[in-house]
Amino acid sequence: MTDIAPVTKAVVPAAGLGTRFLPATKATPKEMLPVVDKPAIQYVVEEAVDAGLGDVLMVTGRSKRSIEDHFDRAYELEEALRAKGDDGRLSAVRESSELAIMHYVRQGEPRGLGHAVHCARQHVGREPFAVLLGDDMIDARDKLLQRMIEVRGRYGGSVVALMEVPADQVSAYGCAAIEATDEDDVVRISDLVEKPSAEEAPSNWIIIGRYVCDPAVFDVLEKTPPGRGGEIQLTDALRTLADMPAEEGGGVFGVKFRGRRYDTGNKLEYLRTVVQFAAERPDLSPEFLPWLREFVRTHDGVGGDGNA
């Protein structure tokens, strides 16, 4: 291992079209859909900052200007709130603009996650960096990213977050073939397969949306041909890195994550996430939970036609 430079930068790909949430995402970026009263993307940036990554590059696309606006100052709104003496809302509005040093680059066309990450090359340079996908929210109490950075510091190479799922779910994710290390939650990745069938999957451990990448990934991505779906897959680049020597930035490790993850990439999981977050909010739960219990009680067994 020749490069143990600290990880200080985070890359957040946010250029997707959000087609699973149409028509809501026709004019509003999926990443800006609220989880209670904060857009999902803010939770992701907060996670990066909490892990010590105060330099955040957002990879956006057309019609994503509202993301930039959200993390910018809103002087007129702030002044209106200040004039009303509404310090609570003023603080909440200013919070997003003071979180991190934000940078933006556009992905000109939707060519996959690997291409989106490659768009960060000029900003990141030859430093290791974290990648956080906006669809995946990790509970703030579970310090996954910090652990991944620690593993990168010990082993070098790149690090992915792994989560065990039932066999019938592996086809929706990148899946890893793993080898044990002397740490219970750390494995060496020997192979990666993007969205395999249950029969072809090398394990039930899937990659979730957190990565710590060696800068060698950029050279690999530049040479990676389009894979599944005609897109440049980050999984394919990591598969190449897994076979490369450590002195060239190779080696891929996985952190087995058994904590709380919220997938906001589809409607059902998004709704579950909103309910879970609301149920744990001390300002909402005293009224929300009794209502929710009553709602479930009165609707238990009710079919789609409204009849029990």
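Collect the residues in segment 225-251 that are closer than 28 Å to residue 4 by Cβ and assigned to a helix (DSSP H, G or I), keeping them in residue-number order. Scanning segment 225-251 gives 234, 235, 236, 237, 238, 239, 240, 241, 242, 246, 247, 248. All of 48, 74 fail the test of being modelled with pLDDT of 95 or more, surrounded by 13 or more Cβ atoms within 10 Å (Cβ to Cβ) and small (Gly, Ala, Ser), apart from 48.
Taken over segment 1-22, the criterion of being open to solvent by less than 30 Å² (accessible area, probe 1.4 Å), in a loop (DSSP other than H, G, I, E, B) and within 22 Å of residue 272 (Cβ to Cβ) is satisfied by 14, 18. In segment 89-101, the residues that are free of Cβ contacts under 8 Å to residues at least 40 places away in the same chain and surrounded by 15 or more Cβ atoms within 10 Å (Cβ to Cβ) form Cβ pairs under 8 Å with partners that are of a type in the set (Lys, Arg) and assigned to a helix (DSSP H, G or I), at six or more places apart or across chains, as follows: 90/82.
Would you kindly identify the strands (runs of 3 or more DSSP E) lying entirely within segment 144-223 that contain at least 2 residues that are open to solvent by less than 10 Å² (accessible area, probe 1.4 Å) and among the small types (Gly, Ala, Ser)?
Values: elements: 158-164, 174-180, 186-194, 205-213.
Because the criterion is at least 2 residues that are open to solvent by less than 10 Å² (accessible area, probe 1.4 Å) and among the small types (Gly, Ala, Ser), the strands (runs of 3 or more DSSP E) in segment 144-223 that meet it are 158-164, 174-180.
In segment 26-39, the residues that are open to solvent by 40 Å² or more (accessible area, probe 1.4 Å) form Cβ pairs under 6 Å with partners that are at pLDDT 90 or above, at six or more places apart or across chains, as follows: 36/277; 36/278. Sub-6 Å Cβ pairs linking a first residue in segment 227-249 that is free of Cβ contacts under 8 Å to residues at least 24 places away in the same chain to a second residue that is assigned to a helix (DSSP H, G or I) and of a type in the set (A, V, I, L, M, F, W, C), at least 6 apart or interchain, are 240/220, ordered by first then second residue.
Could you grab me the full set of residues in segment 252-268 that are outside any loop (DSSP other than H, G, I, E, B), open to solvent by 20 Å² or more (accessible area, probe 1.4 Å) and touching a strand residue (DSSP E or B) at 6+ places or on another chain (Cβ under 8 Å)?
Start the filter on segment 252-268 by keeping residues that are outside any loop (DSSP other than H, G, I, E, B), which leaves 252-256, 261-263, 267-268.
Now restrict to residues that are open to solvent by 20 Å² or more (accessible area, probe 1.4 Å): 256, 261, 263, 267-268.
Those that are outside any loop (DSSP other than H, G, I, E, B), open to solvent by 20 Å² or more (accessible area, probe 1.4 Å) and touching a strand residue (DSSP E or B) at 6+ places or on another chain (Cβ under 8 Å): 256, 261, 263.
For residue 238, state whether it is within 22 Å of residue 118 (Cα to Cα), within 22 Å of the chain's Cα centre (by Cα) and of a type outside the set (Lys, Arg).
Values: within 22 Å of residue 118 (Cα to Cα): yes; within 22 Å of the chain's Cα centre (by Cα): yes; of a type outside the set (Lys, Arg): yes.
So residue 238 passes the test.
Against the list (1) of a type in the set (Val, Ile, Thr); (2) open to solvent by 50 Å² or more (accessible area, probe 1.4 Å); (3) at pLDDT 95 or above, the condition residue 274 fails is (2).
The values are calculated or read from the model by the stated rules, or taken from the named source; none is laboratory data. Values in this document were obtained by computation on a predicted structure and should not be read as measured data. Note: ideal-geometry Cβ built from the backbone for every residue, glycine included; neighbour counts use all protein chains shown. What goes into the accessible areas is simple: the full protein's heavy atoms, side chains included, and nothing from ligands, DNA or RNA. Shrake-Rupley method; radii C 1.70, N 1.55, O 1.52, S 1.80 Å.
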